[in-house]
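A quick write-up on the structure given underneath.
The values are calculated or read from the model by the stated rules, or taken from the named source; none is laboratory data. Since the structure is predicted, the reported quantities are computational estimates derived from the model, not experimental observations. Here the Cβ positions follow ideal geometry from the backbone for every residue, glycine too, while neighbour counts run over all protein chains shown.
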Amino acid sequence: MPLRQVATRVEEDTLKDLEEMEREEKLDRATALRKLISMGLRQWKLQRAIRLYSDGRVSAWKAAEMANLTLYEFLDELRVRRIPAQYTLEDLEEDLGWRSQTRPR
């Protein structure tokens with residue numbers, strides 16, 4: 001996928017932290033920024049999936065897919081965060097139906 005250019009302004013403290021990361025990990029600025037953006041987006045996706053799941057708006061399986069995790073990884077994230085699983089019989093039926101539609105044949 002071709003890379004697109006973006007620009008932003010950051011505070012001095014943020015720039016110092018970025019420079020520290022570049023030195024520690026021996027990365028150029030662009031690579032360091034791509035890594036940080038990727039990490040941040042992964043975290044945002046997980047938080048969004050947990051929020052939607054906790055609100056009862058998506059099933060565990062769908063939330064896991066949204067966070068780019070397996071169902072087991074997602075359930076483990078819930079356990080680590082001490083978020084109770086809300087898994088009903090209806091959720092199981094929905095997940096099994098959804099999974100059968102997305103499974104490669």
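Could you list, in sequence order, the residues of region 43-88 that are surrounded by fewer than 15 Cβ atoms within 10 Å (Cβ to Cβ), of a type in the set (Val, Ile, Thr) and touching a helix residue (DSSP H, G or I) at 6+ places or on another chain (Cβ under 7 Å)?
Correct list: 70, 83.
Is there a residue in region 47-69 that is at positive phi and free of Cβ contacts under 8 Å to residues at least 60 places away in the same chain? Before you say what the answer is, go through the steps one by one.
Residues of region 47-69 at positive phi: 56, 68.
Pick out the ones that are also free of Cβ contacts under 8 Å to residues at least 60 places away in the same chain and you get 56, 68.
So far as region 47-69 goes, yes, one or more of its residues are at positive phi and free of Cβ contacts under 8 Å to residues at least 60 places away in the same chain.
Which one is modelled with the lowest pLDDT, of the residues in region 89-105 that are loosely packed, with under 12 Cβ neighbours inside 10 Å and of a type in the set (Lys, Arg)? Give the derivation first.
The initial filter retains those residues of region 89-105 that are loosely packed, with under 12 Cβ neighbours inside 10 Å, namely 89-90, 93, 96-97, 100-105.
Subsequent filtering for residues that are of a type in the set (Lys, Arg) retains 103, 105.
Numbers: 103: 56, 105: 51.
Here the residue is 105.
For region 30-42, does any single residue satisfy the condition of being under 30 Å from residue 93 (Cβ atoms) and either part of a helix (DSSP H, G or I) or not aromatic (Phe, Trp, Tyr) (or both)?
Initial filter on region 30-42 (under 30 Å from residue 93 (Cβ atoms)): 42.
Next, from what is left, pick out any that are either part of a helix (DSSP H, G or I) or not aromatic (Phe, Trp, Tyr) (or both): 42.
Scanning region 30-42, I find at least one residue that is under 30 Å from residue 93 (Cβ atoms) and either part of a helix (DSSP H, G or I) or not aromatic (Phe, Trp, Tyr) (or both), so the answer is yes.
If you take the residues in region 6-29 that are of a type in the set (Lys, Arg) and not in a helix (DSSP H, G or I), which one is modelled with the lowest pLDDT?
The extreme case among them is 9.
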